[in-house]
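Reading through the structure tokens given below for one structure.
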């Protein structure tokens, strides 16, 4: 990563900023900058895609780093074992998806049924969410049943044939991450950044809030896999 020991630079990749300073993930979410699937690009390039100036972003990040140099030590998984990282992903992120996706589905379905005639975009939101729910649950099942055990087995034996199969599986998982990211991007666009209209009822507003929370959790989940766990077996 092209940075000195104290500051970030415009040429630093977004994912590397988050790896070094995990607190930056919250900031990037606020700025609607993808740090997981689209994180392998410099900060200035990511800002340009959003149509915003990179200089204020850099200034904010360096200020945050100076103010909270040790805040995120406990959240930094770079030095954790693969077994511990897998356990964290399964225990926190996979559990979240299995608990929350069925609940969000109820809200999305109800809001589309009640308000879909007047707010027709809600019908598309319901369709997209259904696709996302199915893909994410199939994805987590595959990781736990097939990919994660291969990772931990390779850690023990380091057999070349196991690594080859593992790398092929990781390529598929990364493509699935991209697909989920595309759906989340469409959901954000359809909901105008998850901002409910003035006439929205409480359930309508809660649906948008839970969708936005899902987006944030998914970004962190994918970041841990794409940028921390997977490179251990592909680089």
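Every number in this text was worked out from the coordinates using simple rules, so none of it is lab data. Quick caveat, the model's predicted, so the values are computed rather than measured. Counting neighbours? That spans all protein chains shown, and the Cβs are built from the backbone with ideal geometry, glycine included.
Which value in nm describes the separation of the simple spin-label points at residue 155 and residue 52, placed 7 Å from the Cα toward the beta carbon?
3.7
Let me make sure I get this right: for the range 134-235, a, b and c are the square roots of the gyration tensor eigenvalues over alpha carbons, sorted descending. Under 1.5 in a/c it's rounded, otherwise prolate if a/b > b/c, else oblate. Which is it?
prolate
Work out how much length residue 92 to residue 106 would gain on full extension: take 0.36 nm times their residue separation and subtract the Cα-Cα distance, in nm to one decimal.
Extra length from residue 92 to residue 106 when fully extended: 2.9 nm.
If you work out volume of the Cα convex hull per residue in Å³ from the coordinates, which of [x] 123; [y] 133; [z] 167 do you get?
Answer label, from the structure shown: [y].
Classify the range 42-143: rounded, prolate or oblate, from the alpha-carbon gyration tensor (a ≥ b ≥ c, eigenvalue square roots; a/c under 1.5 rounded; otherwise prolate if a/b is larger than b/c)?
oblate
When you count, for each residue, the other Cβ atoms within 10 Å and take the mean per peptide, how do 195-201, 7-13 rank with the highest first?
With the highest mean Cβ count within 10 Å placed first, the list reads 7-13, 195-201.
Order these by the 10 Å Cβ neighbour count, fewest first: 16, 131.
131, 16
Just to confirm my numbers, what's the Cα centroid distance between the range 195-222 and the range 124-188 in Å?
Here the answer is 24 Å between Cα centres.
Would you work out if the range 14-99 is rounded, prolate or oblate? Take a ≥ b ≥ c from the square roots of the eigenvalues of the alpha-carbon gyration tensor; rounded if a/c is under 1.5, else prolate when a/b is larger than b/c, oblate otherwise.
Values: a/c = 2.31, a/b = 1.58, b/c = 1.46.
It comes out prolate by the Cα gyration axes.
So for the chain, averaging the separation of alpha carbon pairs under 8 Å that are six or more residues apart and normalising by length, what relative contact order in percent results?
Relative contact order, the chain: 25 percent.
Once the Cβ-Cβ distance between residue 202 and residue 30 is put in as r, and R0 is 25 Å, what FRET efficiency do you end up with, to the nearest 0.05?
It comes out at approximately 0.55.
Report the relative contact order of the range 123-235, percent, no decimals, based on alpha-carbon pairs under 8 angstrom and at least 6 residues apart.
Across the range 123-235, relative contact order equals 32 percent.
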